[in-house]
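See structure below.
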Amino acid sequence: MSVITARYKNFDGAPIHFVALGANLPGPNGEPPRAMCEHAILAIDQIPSLHVEARSRWFSTAPIPAGPQPRYLNAIIRLRGHVTPEALLKDLQRLEAQAGRLRGEANAARPLDLDVIDMAGLVRNAPDLILPHPRAHLRAFVLLPLRDVAPGWVHPSLGVPIDALLQNLPPQDIWPL
């Protein structure tokens, strides 16, 4: 197990990144959401220069905004390695497409959702990828699993520790599995 000794860096100096996983529809061959997420974790670990260090517990969450779709399965993975935001986003979107995700309607049900939450504390406001994720601090389905893999995480642009962010959230329909 790695020890994070500096802000968002591994003991060997490699940057630490966090990716959220979610799914609430079966995959193209009928795979359940958990299988879709587990397959994505294995595929992410095969991306050159990246290594999956940890996965949070799985959580069951109601869709946000609330609507007539199935509950989501959510988790966070902690990655170690050197990668650009553009390259990571491209790889994650490729995996989503392979899983049958169709882009279009915001917040639609999907067989796989991969979101970059934080990349080594980088603050970035680019059209393709805003870092940290612009709504991460508002969502228990991001913060609770993130706390599993990074209990000392501090929001890079707000400067607020994860426990304080969680305390300020309104009630949300989420439970660990």
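Bear in mind that the values in this text are calculations on the coordinates, not laboratory data. The shown structure was predicted, so the numbers you read here are calculated from the model rather than taken from an experiment. Cβ coordinates were reconstructed from backbone atoms using ideal geometry, including for glycine residues, and neighbour counts include every protein chain displayed.
Name the residue, out of 108, 126, 87, whose mean-square fluctuation peaks in a Gaussian network model built on the chain with Cα pairs under 10 Å. So, out of 108, 126, 87, the one fluctuating most is 126. For the chain, the calculated P(r), taken from all Cα-Cα distances in 5 Å bins from zero up to the bin holding the longest distance, is 1, 8, 18, 22, 22, 17, 8, 3, 0, 0 percent. For the options 91, 128, 113, a Gaussian network treatment of the chain with springs between C-alpha atoms closer than 10 Å singles out 128 as fluctuating the most.
Comparing 112, 143, 50 in a Gaussian network model of the chain (Cα springs below 10 Å), the most mobile by mean-square fluctuation is 50. Pairwise alpha-carbon distances in region 36-106 exceed 21 Å for 35% of all pairs. Counting only Cβ charges, +1 for Lys and Arg and -1 for Asp and Glu, the dipole size of the chain around its Cα centre is about 140 debye.
Considering only 165, 88, 149, the residue lying farthest towards the positive end of the dipole of the chain is 165, judged by Cα position with unit charges set on Cβ.
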